[in-house]
Amino acid sequence: MSNPSNLGYTEDHEWVDSADTKSATVGVTAYAATSLGDVVFVQLPEVGAKLTKGEPCGEIESTKSVSDLFAPADGTVVEINEAVVDTPELVNTDPFGDGWLFRFEVTGDLELLTADEYTEKTREEG
Amino acid sequence: MILSCPHTHQPSTDPPVTLHDACPACHAAEKQNSRRAEGDPTAMSTPSPLHAVHEALGAAFTDFAGWAMPLRYGSELAEHKAVRTAAGLFDLSHMGEIELTGPDAAKALDHALVGKLSAVKPGKARYTMICDTDGGVLDDLVVYRLAAEKYLVVANASNAATVAAELRERAAGFDVEVADRSADLALIAVQGPTSAAIIREVTGADLDTLAYYASVPATAAGHDVLLARTGYTGEDGFEIYVDGPLAAEVWQALTAAGAPHGLTPAGLACRDTLRLEAGMPLYGNELSADLTPFDAALGRVVKFDKAGGFVGQAALERRRDADVPEKVLVGLVGTGKRAPRHGYAVLDADGTEVGTVTSGALSPTLGHPIAMAYVPIAVSGPGTALTVDIRGTQAPVEVVKLPFYQRPA
């Protein structure tokens with residue numbers, strides 16, 4: 001699955017839609033979802049939680065592994081995707097769409113990779 | 001997110017790391033990688049004889065103990081379910097196969113392994129172990145007696161080279177030939193409730209007389225194979241040993257015959273959750289060189305009534321007779337969706353650490369978390385309430401009898 005060019009990406013395999021920095025949307029990439037395997041549990045930060053760039057803010061568990069979610073920037077959580085909490089497989093079936101994880105108000109710097117840069121990075125990782 | 005250990009062992013460190021400390025497959029892969037980095041061209045991942053078949057099926061591969069093997073073809077949960085409700089088709093060609101042939105084959109194995117292989121009848125198989133002189137488990141094995149003077153030892157991929165080397169060394173002085181067939185033998189498994197119908201169709205073998213843990217020479221896709229009724233999933237199932245170059249034809253014949261029976265290609269990811277539900281130990285998790293078979297509550301596989309003694313006998317006798325506080329392997333079930341995983345601490349009602357989780361996952365069949373752990377006898381009774389430290393959260397669990405899942409009779 002190609003990485004949508006309208007999104008920004010982190011080194012930690014997350015995507016950010018920062019068109020609205022009052023409510024930027026965060027999810028994990030298709031590459032990450034495929035590497036994880038079937039996602040069975042998602043733990044998200046609570047609405048109102050303060051995020052610190054690079055700090056763990058949640059967890060994604062597949063049958064095989066547990067991975068931390070990292071905050072892409074400083075900010076405050078404004079909304080979480082209840083649907084993905086109830087139906088974690090949305091991360092696998094629609095990682096860039098219905099499988100979004102949370103929205104946050106960006107208060108700090110947002111340094112993201114472009115889709116091309118991220119695609120290149122995942123190609124290197126094989 | 002940091003993507004972690006892709007093998008059938010659970011990553012457990014905090015934060016997760018790419019190399020899982022307790023995972024033998026990671027260590028083997030790491031060794032392979034460093035040899036490759038040093039320019040050793042023989043250090044590339046070995047492709048299975050079925051590699052092209054897996055590529056055509058769109059498999060995701062993992063480097064498992066130096067082999068590039070299918071981890072999953074699509075959804076590992078769907079593959080798991082297929083094995084429980086219909087049948088799964090596995091490539092297990094990474095497993096090690098070592099043949100012992102000669103008049104002293106039985107005697108040599110009685111000496112080399114903890115089991116009494118001389119007591120196994122031709123056509124039957126036995127679950128056993130190879131231990132070091134200290135009694136530590138070097139690997140757990142399935143040994144087939146193919147004929148009076150011929151055995152096939154099947155080892156875990158990550159230990160195959162060690163087992164082959166040990167068997168060669170331990171067979172010195174016996175009139176027996178030891179041949180490592182790991183590189184040229186393929187192993188295909190068909191596991192699940194519809195597996196017998198599929199195997200009957202493909203091999204024409206009389207399965208009514210083929211008991212669990214038995215094998216018989218058979219024909220599949222016109223080729224000579226060894227057909228065994230064994231497995232690692234908790235279901236009725238079969239394993240087919242065949243020369244590598246012929247494996248693709250056997251695979252295709254099984255695929256064709258299996259289609260009306262719901263046969264689905266299945267990867268190593270679901271193999272691990274299947275064996276965990278069935279309460280079966282995995283080397284590197286439940287078993288290691290730091291544990292004797294007695295520590296793993298598998299002392300029953302050690303047979304002391306063998307003429308001539310065996311490697312590890314003195315240490316194992318001491319361990320058998322020692323008055324050490326026993327730990328036993330128990331099953332734990334939890335609530336919710338977060339699974340206890342390899343390495344997590346098990347605590348008693350007072351919050352005192354009493355043991356460690358060896359394997360754990362959210363059970364695809366049962367829908368709740370399951371785990372195996374070593375705990376003291378005092379807290380090992382079914383119904384005992386314990387907790388597991390799941391990354392800082394104390395999750396309540398209850399001790400249950402293994403296995404978690406038993407196939408309907």
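The values are calculated or read from the model by the stated rules, or taken from the named source; none is laboratory data. None of the values given here were measured: they were computed from a predicted structure. All Cβ positions, even for glycine, are placed from backbone atoms using ideal geometry, and neighbour counts span all protein chains on display.
Is there a residue being assigned to a strand (DSSP E or B) and within 14 Å of chain A (Cβ to nearest Cβ) anywhere in the range B:341-353? Outline the logic, then answer.
At the first step, the residues of the range B:341-353 found to be assigned to a strand (DSSP E or B) are B:345-347, B:353.
Among the residues that remain, those that are also within 14 Å of chain A (Cβ to nearest Cβ) are: none.
No; the residues of the range B:341-353 include none that is assigned to a strand (DSSP E or B) and within 14 Å of chain A (Cβ to nearest Cβ).
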With (1) under 19 Å from B:Leu287 (Cα atoms); (2) part of a strand (DSSP E or B); (3) of a type in the set (Ser, Thr, Tyr) as the list, and B:Thr133 as the residue in question, which single condition is left unmet? (2)
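Take B:Leu57 and decide whether it is crowded, with 23+ Cβ neighbours inside 10 Å and closer than 28 Å to B:Ala278 by Cβ. First the steps, then the outcome.
Values: crowded, with 23+ Cβ neighbours inside 10 Å: no; closer than 28 Å to B:Ala278 by Cβ: yes.
Against the criterion (crowded, with 23+ Cβ neighbours inside 10 Å and closer than 28 Å to B:Ala278 by Cβ), B:Leu57 does not qualify.
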Within the range B:217-269, track down each residue that is among the hydroxyl-bearing types (Ser, Thr, Tyr) and within 24 Å of B:Ala157 (Cα to Cα). B:Thr230, B:Tyr232, B:Thr233, B:Tyr241, B:Thr264
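A quick yes/no check of all residues on (1) within 8 Å of chain B (Cβ to nearest Cβ); (2) buried (at least 17 other Cβ atoms within 10 Å of the Cβ); (3) modelled with pLDDT under 95; (4) closer than 24 Å to B:Thr335 by Cα:
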{"residue": "A:Asp17", "(1), (2), (3), (4)": "no, yes, no, no"}
{"residue": "A:Thr25", "(1), (2), (3), (4)": "no, yes, no, no"}
{"residue": "A:Ala30", "(1), (2), (3), (4)": "no, yes, no, no"}
{"residue": "A:Val42", "(1), (2), (3), (4)": "no, yes, no, yes"}
{"residue": "A:Lys50", "(1), (2), (3), (4)": "no, no, no, no"}
{"residue": "A:Ala71", "(1), (2), (3), (4)": "no, yes, no, no"}
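For the range A:58-69, which positions are touching a Gly at 6+ places or on another chain (Cβ under 7 Å) and at the interface with chain B (Cβ under 7 Å from one of its Cβ atoms)? Show your work before the answer.
Going residue by residue through the range A:58-69, those that are touching a Gly at 6+ places or on another chain (Cβ under 7 Å) are A:62-64, A:69.
Passing the criteria: A:Thr63, A:Lys64, A:Leu69.
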Does B:Ala160 satisfy being outside the structural domain of B:Ala253 (by TED's automatic domain parsing), surrounded by 19 or more Cβ atoms within 10 Å (Cβ to Cβ), within 19 Å of the chain's Cα centre (by Cα) and not in a loop (DSSP other than H, G, I, E, B)? yes
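Kindly provide the set of residues from the range A:108-126 that are assigned to a loop (DSSP other than H, G, I, E, B), among the acidic types (Asp, Glu) and in contact (Cβ under 8 Å) with a residue 60 or more places away in the chain, ordered by number. Break it down into steps so the answer makes sense when it comes.
Initially, the range A:108-126 is screened for residues assigned to a loop (DSSP other than H, G, I, E, B), giving A:108-112, A:114, A:126.
Add one more test, that the residue is among the acidic types (Asp, Glu), and what stays is A:109, A:111.
Those that are assigned to a loop (DSSP other than H, G, I, E, B), among the acidic types (Asp, Glu) and in contact (Cβ under 8 Å) with a residue 60 or more places away in the chain: none in the range A:108-126.
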Just a yes or no: is a residue in the range B:79-87 without any contact (Cβ under 8 Å) to a residue 40 or more places away in the chain and away from chain A (no Cβ under 14 Å)? no
Regarding the range B:48-60, can at least one residue be identified that is among the hydrophobic types (A, V, I, L, M, F, W, C) and without any contact (Cβ under 8 Å) to a residue 12 or more places away in the chain? yes
Among (1) within 14 Å of another protein chain (Cβ to nearest Cβ); (2) of a type in the set (D, E, K, R); (3) surrounded by 14 or more Cβ atoms within 10 Å (Cβ to Cβ), where does A:Glu55 come up short? (3)
Using beta carbons and a limit of 7 Å, which pairs, at least six apart or on different chains, have the first residue in the range B:238-257 and assigned by TED's automatic domain parsing to the domain that holds B:Asp208 and the second one assigned to a helix (DSSP H, G or I) and acidic (Asp, Glu)? B:Ala257/B:Glu201
